[in-house]
Every structure is written in structure tokens, then in C-alpha cells.
Amino acid sequence: MGRLQNIENALVTINETDFQELCDCFLFLRNDNYKTFSRSGSQIGKQKTIKGTPDAFLLLPNGNFIFVEYSTNVTKGVFKLKEDIKKCLDTIKKGILLEEIIICINFRLDVNETNDIKNLLVGTDIRLSLYTLDNLALELYLQHRNLVNDYLGLPIDTGQIVSIETFINEYDKASQHIATTLNNRFLHRDKEIIELLNLIDQNDITILYGAPGVGKTKLAIETIGKYIKENPSYSAFCISDKNMPLLDDLYQNLCFDKNNILFVDDANRIDTFCQIIGFYKNDRAGKLKILITVRDYAFHLIENICIGFVPSTYRIGVFTDEQIIDIIKEKPMEILNQQYHKKFIEIAEGNSRLAIMTALLARKEQDIYALNDVSDLFDKYFTTYINDQGAFSDKTNLKILGVIAFFYVISYKNKELTISIINNFEIDYDVFISRILLLEKLELVELHDEYVKISEQNISTYFFYIAFIRDDLLSFETILVKYFSNNSERFAECVISANNTFGYQNVMEKLQPIVVLYFDSIKNN
């Protein structure tokens, strides 16, 4: 049964008091243009309703009112609703300026019944808003899943299980042409697709691993596309990680009696990955296959989590120099100058993402000397991207981006927790909040309901490098002393990625004295 149908069924069986409370919350959230919201049909401090007109009302800034009537009485149906509206209309005689009547019911009305209700307001200027079972369930499903959980007892779907098409759109939107998209032409992995298809066919869990930027995500997407064409009984889903519990989403979307293949990208960055493996353990009539991508340095961590299920593993290597040249000859780069090709090869070292980023910059600058320094490449690329609006000249912005890059996500609404972090870097909480709003407008961070994060791994690596290493805007020693013991995986993610992208001399050599001092301080512990 679908999630929308589950909500409809729960609404049909809800009791009158809970329905009224649910609708009060729903309307309170939907209507923010009011001076007063009164739940006049509910007893104060008690879960009981009161007879009278209206069941709730809103006082608008212009002095007019919105009256609200609720009904779960499907037996009396439209007869009761017409009586309720007539009572509302009686208030006009008392000098009350009534602007709108809202009706919320947990049953359906046919066309004739709806028309009978509308006819009661003919000749007046009063609007009528009808929330019947169908559209109320749809509104709750699309916009207010927390209310579905609180009042209907149904698990919250956090939108983390998506189709391949949605995953690609979200991925490309996050990249915003700063990094490589998934819609570019697929090249030079035909052999890998064949081998990966065989592994998926023979095993339930397959781990695809390799260095950052070598095309793991693209290869996985292409392989899944071919797999479901060859195996039409399978449906494909992807994890769109939003740093929230995942289990309810899995149960709601992946039916046990159907064949599904689930794609988990960058598994080492998903805190709830163990929930995916726990879900896999369930007994099912259909089959569930899981394709996982992970960066090579975190491969053994993910492999150990899956080890009891005998996962197959496949390592994807870097591209050859000839393959890198083929990639940058394609749209949107279309660079044919061999002098540039040599520079791309030197910078990319088999990393297709870095090669494409370099080629895009070279195409814009039309100057090979712009490619002499990889860090300079990133500086110029990102500054161009945000149209030089001063965001990069502001050290506070760079500090905040550096902090977010290290912690991956920050629960900014948890003021106490956020302050405990940013105080270490002399950043004020109010300043932090105002700046992440600015950075969201520049599309450098994603601002979700509960947390802020940097959208794309290349951007995150870049700002960690700028803030903690190259420009010394933030103290690497501070995060080493305060956070290494509980966040060693984040250090591996940030430092190794920065080292791979910006070079040993710029990263490891600079950090080595700090790390040695820290090690000397703890080696006897």
C-alpha cells in the first residue's frame, strides 16, 4: 500500500478530538497572515472538543475573521456542513466581518454536495476553502509529514529514497557546474560496466571503490541503468543523504515482495549506513541488491560493516592520459590544443573531475599560465563562479566555510552545540547564522531545516584547505587537539582529500610539524 493511501486510511479512522488538533496545527502552519489564532472548539488543557461556532478562528490584520469548522461525522455528511456554514453566516448579523470559511473533513464529497455548500455563499464576499479527505491527505503527505507522524502514528518519510533521475538532478544541482555533472558523456568504462554487471548479478552487495574523482558515481549510475534494462523486474532507488534517520524511508519505499536495487553513493559519508545493512537483513519475498561506492581510503571500514554478507568488491582505477584527453575534448570543454592537454594531464593525474574543472577554467581564461598552480586554479574558478561578489575576500566567510567543511554538517538550530564549536574559532553565533544565509544565496552551502552543509565534495575540500592549511585562517592545531580523538574519520576525509588535490608540499609537509607535536603529547597516553 502506498504512503498516501496509508495517510488517507489513518484520517478515516481518527477520532474527532485528534482530528481537530491535527487540523488546528495544519492551518496554523499554512496561515501566517493573522493577528490571533484561537482554538475555540477545544477545552483548555484537555483533549476534548466544545460545541459551538466556530471550531476555530483567525483574526486577520485588517480586522476581518476566518472561521474554521471541522467534521468527522460522515453519517450526517453534507447536512452537518451546511448547518455549520449557516451558523457561521449568522455571525454577520452581529457585526463580525467574515472573510473566509474553512471546512476540514475526513471524508469525501461528490460534485453535487460540493456545489450545494458553495451555493450557500452566493451573494456574499466570503471565500470558501474545502479540505476534504483527498486534498488534506495530499497536503499532509507533501508538506507536513511531521504531523502525519505525531497525529496519525505513521513513520516520517524524510525524502532520502529517490529515483535515479531525481538523484542525478540533485547531484547536478549541487555541483552547479563547479564540479562534474552526471549528465556528461560516459567514456572509457565499458569493460568496467561488464565486470560490475556480473558482480551485481552474482551478489546482493557490491562495493565499488577508488580514489576521489575517478568516476565511481557515474560508473555506478550507468551500470544500474543497464542492469534494470536487462532485468526489468527490478526497480532502482538511490540514497539522497540528508543526515537523518533512514530506516523508515527504506521500509516505506522498498517493498519486500518486489525486486529492488539500491544505490548508496559515498557510503563512508553516510552516518546511517548501518541502518541500510540492518534493513537488508530482513526476510523478503523479493530480492534486494545494493551497489555501494566508497573512497579507497575508507574501503575497509565499509567492507567490515558488510563482511557478514560476503560482499563482492570492485576497484576502479584512475584514467590513463589518453582517456583524460578524450574526456576534455568532449562538450562542454571541447579543448583540442595539445599544449593544454599536457598541462591537464599533469594536474589531473588520472582524476577526471579535476581534469574537467581545469579544462573549464582554461576554456574561460584562454591562458595556459592560469594552470600553473592547482590551488590558484581553484581560487580563480570559484571566484569566477560567484561573480566576485566579495565573498572570498571576507575572511569570516572563509572561516565559516572551513568549519562547515571539517564537520561536514552543523546543526545550526542547536544553538548551544553550534556555539561550543564556533567559539573555538572566535566566530559569533549571530554572525554565523547571517553568513550561512548569504552563503546559501551564493549556492556555496545547503541550508536544510536542521543543519547546514557544503553541497559538493570538491568545494568542501577546497575551503578546508584554504581555511586550515593554506591561509591559516583557522588553527589546525585546535581541531587536532579538540576533535581528533572523536573525529578521526573526518580528518582522513579532509586531510587526505586536500593532499590528493593540492599536493604533498602544500598539505602534508605543512601539517607534519603540528601532527608530530600533537603525537608527542599523547604518545604515552
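The values are calculated or read from the model by the stated rules, or taken from the named source; none is laboratory data. The model shown is predicted, which means the values in this text are computed figures rather than measured ones. FYI the Cβ positions are ideal-geometry reconstructions off the backbone, even for glycines, and counts take in every protein chain you see.
Quick notes
- Residues that are out of contact with any strand residue (DSSP E or B) (no Cβ under 8 Å at 6 or more places or on another chain) and either under 15 Å from V310 (Cα atoms) or of a type outside the set (G, A, S) (or both) within region 198-214 comprise N198, D201, V214, listed in sequence order.
- For I419, the conditions (1) of a type in the set (A, V, I, L, M); (2) without any contact (Cβ under 8 Å) to a residue 12 or more places away in the chain; (3) surrounded by 21 or more Cβ atoms within 10 Å (Cβ to Cβ) all hold with the exception of (3).
- Sole exception among (1) in contact with a strand residue (DSSP E or B) (Cβ under 9 Å, 6 or more places away or on another chain); (2) farther than 24 Å from S460 by Cβ; (3) not hydrophobic (A, V, I, L, M, F, W, C) for N304, by number: (1)
- Residue check for L474: outside any helix (DSSP H, G or I) and within 13 Å of V403 (Cα to Cα): yes
- Options N106, N115: the member that is modelled with pLDDT of 90 or more, touching a Ser or Thr at 6+ places or on another chain (Cβ under 6 Å) and either more than 21 Å from F37 (Cβ to Cβ) or not aliphatic (A, V, I, L, M) (or both): N106
- Filter result (surrounded by 17 or more Cβ atoms within 10 Å (Cβ to Cβ) and either without any contact (Cβ under 8 Å) to a residue 40 or more places away in the chain or not assigned by TED's automatic domain parsing to the domain that holds K173 (or both)) within region 240-259: N259
- Hits in region 32-76 - residues which are modelled with pLDDT of 80 or more, closer than 21 Å to N106 by Cβ and surrounded by fewer than 16 Cβ atoms within 10 Å (Cβ to Cβ): N73, V74, T75, K76
- Being in contact with a Cys (Cβ under 9 Å, 6 or more places away or on another chain) and closer than 30 Å to D449 by Cβ is a property that L98 lacks.
- With respect to (1) modelled with pLDDT under 90; (2) surrounded by 14 or more Cβ atoms within 10 Å (Cβ to Cβ); (3) in the same structural domain as N486 (by TED's automatic domain parsing), the lone exception for K441 is condition (2).
- Only one entry of L336, L291, L262 meets the criterion of being in contact with a Cys (Cβ under 9 Å, 6 or more places away or on another chain) and at negative phi, and that entry is L262.
- Residue among T124, T158 that alone is assigned to a loop (DSSP other than H, G, I, E, B), surrounded by fewer than 15 Cβ atoms within 10 Å (Cβ to Cβ) and hydroxyl-bearing (S, T, Y): T124
- Count of region 435-487 residues which are acidic (D, E) and within 21 Å of S497 (Cα to Cα): 5
- Within region 313-340, being crowded, with 18+ Cβ neighbours inside 10 Å and in contact with a strand residue (DSSP E or B) (Cβ under 9 Å, 6 or more places away or on another chain) holds for Y314, I316.
- Counting only helices (runs of 4 or more DSSP H) that sit wholly inside region 242-306, those with at least 3 residues that are under 16 Å from the mean Cα position of the chain (by Cα) are 247-253.
- Going through (1) surrounded by fewer than 18 Cβ atoms within 10 Å (Cβ to Cβ); (2) in a loop (DSSP other than H, G, I, E, B) one by one, L138 falls short only on (2).
- Some residue of region 472-490 being in contact with a helix residue (DSSP H, G or I) (Cβ under 7 Å, 6 or more places away or on another chain) and under 20 Å from G213 (Cα atoms): yes
- Lone qualifier among N414, N397 - being at pLDDT 70 or above, buried (at least 17 other Cβ atoms within 10 Å of the Cβ) and within 27 Å of the chain's Cα centre (by Cα): N397
- Residue check, K226 under 29 Å from R353 (Cβ atoms) and surrounded by fewer than 17 Cβ atoms within 10 Å (Cβ to Cβ): yes
- Screening G308 with (1) in the same structural domain as G210 (by TED's automatic domain parsing); (2) touching a residue at least 12 places away in the same chain (Cβ under 8 Å) gives one miss only, at (2).
- The residues on offer are V264, V214, and the sole one that is buried (at least 18 other Cβ atoms within 10 Å of the Cβ) and closer than 23 Å to R3 by Cβ is V264.
Quick grid of which residues meet (1) acidic (D, E); (2) in contact with a Pro (Cβ under 8 Å, 6 or more places away or on another chain); (3) modelled with pLDDT under 85:
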site	(1), (2), (3)
L254	no, no, no
D257	yes, no, no
F273	no, no, no
F279	no, no, no
N282	no, no, no
R315	no, no, no
I328	no, no, yes
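- Restricting region 341-366 to residues that are of a type in the set (S, T, N, Q) and either surrounded by fewer than 17 Cβ atoms within 10 Å (Cβ to Cβ) or not in a helix (DSSP H, G or I) (or both), the residue that is modelled with the lowest pLDDT: Q366
- Cross-chain or 6+ apart pairs with Cβ under 9 Å, region 431-443 first and closer than 9 Å to N397 by Cα, then surrounded by fewer than 15 Cβ atoms within 10 Å (Cβ to Cβ) and not aliphatic (A, V, I, L, M): R435/D394
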